[in-house]
1. Could you give me the ³J(HN,Hα) list for the stretch 132-138, computed from phi with Karplus coefficients 6.51, -1.76, 1.60 and θ = phi - 60°, whole Hz, x at Gly and Pro?
2. What is the angle, in °, between the Cα long axis of helix 257-280 and the longest principal axis of the Cα atoms in the chain? Nearest 10 is fine, range 0 to 90.
3. Along Cα→Cβ, 7 Å out, is where each label goes; now give me the distance between the ones at R60 and M1 in nm to one decimal.
4. Probe radius 1.4 Å, ligands and nucleic acids left out: which of L210, L21 has the largest accessible area, and how do the rest follow?
5. Report the accessible area of M96, computed with a 1.4 Å probe over the heavy atoms of all protein chains in place, in Å² rounded to the nearest 10.
6. Set the Förster distance to 41 Å, then compute FRET efficiency between A115 and R228 from the Cβ-Cβ distance, nearest 0.05.
7. Taking the Cα atoms only, what angle lies between the long axis of helix 144-154 and the longest principal axis of the chain, rounded to 10 degrees?
8. Give me the aspartates and glutamates in straight-line cross-link reach of K81: C-alpha distance below 17 Å, same-chain residues under 8 apart excluded.
Amino acid sequence: MRLRTLPVALAGVLAAIGFNLLDHTFKCLPALLCLLFAEMCQTASNFANEYYDFRAGRDRVGREGPRRGVTEGDITPEAMKTATYTTLAAACCIGMALTYWGGLWLISVGLIVAAGAMAYSAGPYPLSTHGLGEVAVVLFFGLVPVNFTYYIQALSWSMPVFAASLAVGLMGANVLIVNNYRDADDDQATGKRTLAVRFGAGKTIMLYRLNAIAGALLSIPGWLATGRLTLIFPILYLFAALAIARALGRRKGAAINPLLGMTAVSMAAYWLLFVIIAATRV
């Protein structure tokens, strides 16, 4: 399941909930279903990555990153494939329930999300192997969950919410950047052309910094709605992200794993704090 990465899906839904609270449009049940849908889609995508990377020979035994169950023989390919599509089917069932609040047209959005969860690793042009993984994260962990979680509750759109969705997406992309930075040597050896492989170490760390800065700036309209004093939190997030980027340049291999978790948890904590403060303003 790659538990270190799951806070990324949580963050997008939390960001939307914060805005729904501020706008007095929060609805508990659809918000909870959005959270379950997001987490299950990410889990299905993680399972698919295990299965399809193994099948394509993109994972090596003894790789630097966390142990890959299928590649190392802990899980059979058939079991992982079954888990992938069972989890995705369960996510789709939850997504269908959301049409009660948002309308049947959301089915098309759900189909795109389901396809995106698989397209990261599967299909004729896997996004993860062509340097498009970060773009997919911005879209499917930022723009889609934040805007549509907000819409399903409010039945309207909002520019501050859109800005926050970009912020969440860029913060989430940094989780993938850490992952790909750690795996750059292994990925290059197996033909995966991630951004970390294409850019090299220095430019990859610079991209991490730029994403963090842009994410903090784009989230400011939301924080301003809770009061000017809360602008301290984007500043604190930025300091933390820049400290992680600095540490990233000094570590290699398995020593980078904690930084991946820190990146994911810090963005989830950032948006959870936004929800808590928004709730106090209701």
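1. Karplus-based 3J(HN,Hα) across the stretch 132-138 equals 10, x, 5, 4, 4, 5, 4 Hz.
2. It works out to around 10 degrees.
3. Rounded to a tenth, the inter-label distance reads 3.1 nm.
4. From most exposed to least exposed: L210, L21.
5. Roll a 1.4 Å probe over it and M96 shows about 100 Å².
6. 0.45
7. Tilt relative to the chain: about 30 degrees.
8. E50, D53, D59, E72
The values are calculated or read from the model by the stated rules, or taken from the named source; none is laboratory data. In this text, all values refer to a predicted model and were calculated from it rather than measured experimentally. Because the Cβ atoms are built from the backbone with ideal geometry, glycine has one as well, and the counts that use them run over all protein chains shown. Side chains are part of the model used for accessible areas, which takes the heavy atoms of the whole protein and leaves out ligands, DNA and RNA. Shrake-Rupley method; radii C 1.70, N 1.55, O 1.52, S 1.80 Å.
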